[in-house]
1. What length, rounded to one decimal in nm, is gained on full extension from E70 through to E140, with 0.36 nm per residue of separation minus their alpha-carbon distance?
2. On a straight-distance basis, which lysines could pair with K101 in a cross-link, Cα separation under 26 angstrom, same-chain partners fewer than 8 positions away excluded?
3. For the range 54-129 and the range 153-204, what is the centre-to-centre distance using only Cα atoms, to the nearest Å?
4. Give me the base-10 log of I(q)/I(0) for the range 47-163 at each q in 0.10 Å⁻¹, Debye formula, one uniform scatterer per Cα, rounded to two decimals.
5. Full-extension gain between T155 and A217, please, as 0.36 nm times their residue separation minus the C-alpha to C-alpha distance.
6. Given just the C-alpha atoms of the range 144-201, how large is their convex hull per residue in cubic angstrom?
7. What is the sum of charges, Lys and Arg at +1 and Asp and Glu at -1, for the other residues whose Cβ falls under 14 Å from the Cβ of P206?
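Values in this text are rule-based calculations from the coordinates and carry no lab data. The structure displayed is predicted, hence computed values, not measured ones. Every residue, glycine among them, receives a Cβ derived from its backbone with ideal geometry; neighbour counts consider all protein chains shown.
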Amino acid sequence: MKHLICLWMLLLLTPSAAWSQDFMESMMQTAQMENEANAQEEGQPNEGTNSEAAETWEAELERMRESTPEFFASLDTKYLKCVAMMESYVYMYLKLVREHKLGDMTLSACDAYGMQTLAMASSTTFMYCAEGMEAPELNEEEKTDLMMDYIHKLTGFQELINHYVYSYYFDLVQSNFPNTPASAETMNHNYLVYLMEFFRPRYIIPQSLKIAREMEALGCGG
């Protein structure tokens with residue numbers, strides 16, 4: 001898993017134009033190779049949780065994309081599609097962090113930490129869409145209108161995803177700004193800002209380093 005973190009750090013420094021649709025597949029292959037190497041060192045079968053979890057991550061993300069075809073068909077702009085992609089990713093990431101769950105799979109603490117690193121690496125495959133919501137493409141008023149439109153379009157499983165992620169966001173707002181009233185427009189605008197934060201290096205890099213320290217403290221892979 002240390003090799004996986006180093007690979008991700010190297011790729012993060014690559015220009016955005018270099019990212020391709022094959023990135024997640026490469027990450028999954030790297031995770032599988034890392035798992036097989038660890039299994040051979042420890043004398044265990046080459047059927048590790050890491051490679052299985054990596055495949056499950058991709059399959060679960062795809063399942064969510066396909067679970068509400070009518071909803072995704074209603075997203076008629078690249079910005080709406082981007083919000084849906086970000087929200088689905090953050091939902092899976094928060095489930096992993098808070099519950100150590102990936103789909104129906106419950107992970108150990110070490111595997112959950114490793115998957116969080118893999119998840120953050122996979123987020124860079126569509127980091128460009130979050131970057132595309134900054135000015136001059138979208139001003140602050142347009143961001144608010146975008147989120148109000150998105151909320152009104154929610155249906156089916158995507159509505160459940162929104163409720164899960166938004167509830168976590170709302171709790172953070174209440175705990176940090178308990179006496180600050182906010183309109184629905186302001187809350188939805190800042191919810192978009194919150195989603196975008198998961199795709200910024202200023203979140204990904206410190207969080208990855210924190211996970212590496214926690215994995216080392218737990219003796220993961222050692």
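1. Numbers: separation 70, 0.36 × 70 = 25.20 nm, distance 2.83 nm.
Here the answer is 22.4 nm.
2. The qualifying lysines are K2, K81, K210.
3. 16
4. -0.33
5. Going from the current span to full extension adds 18.1 nm.
6. Given the Cα convex hull of the range 144-201, per-residue volume reads 88 Å³.
7. Working: positive: R200, R202, K210, R213; negative: E197, E214.
Net charge in that neighbourhood comes out at +2.
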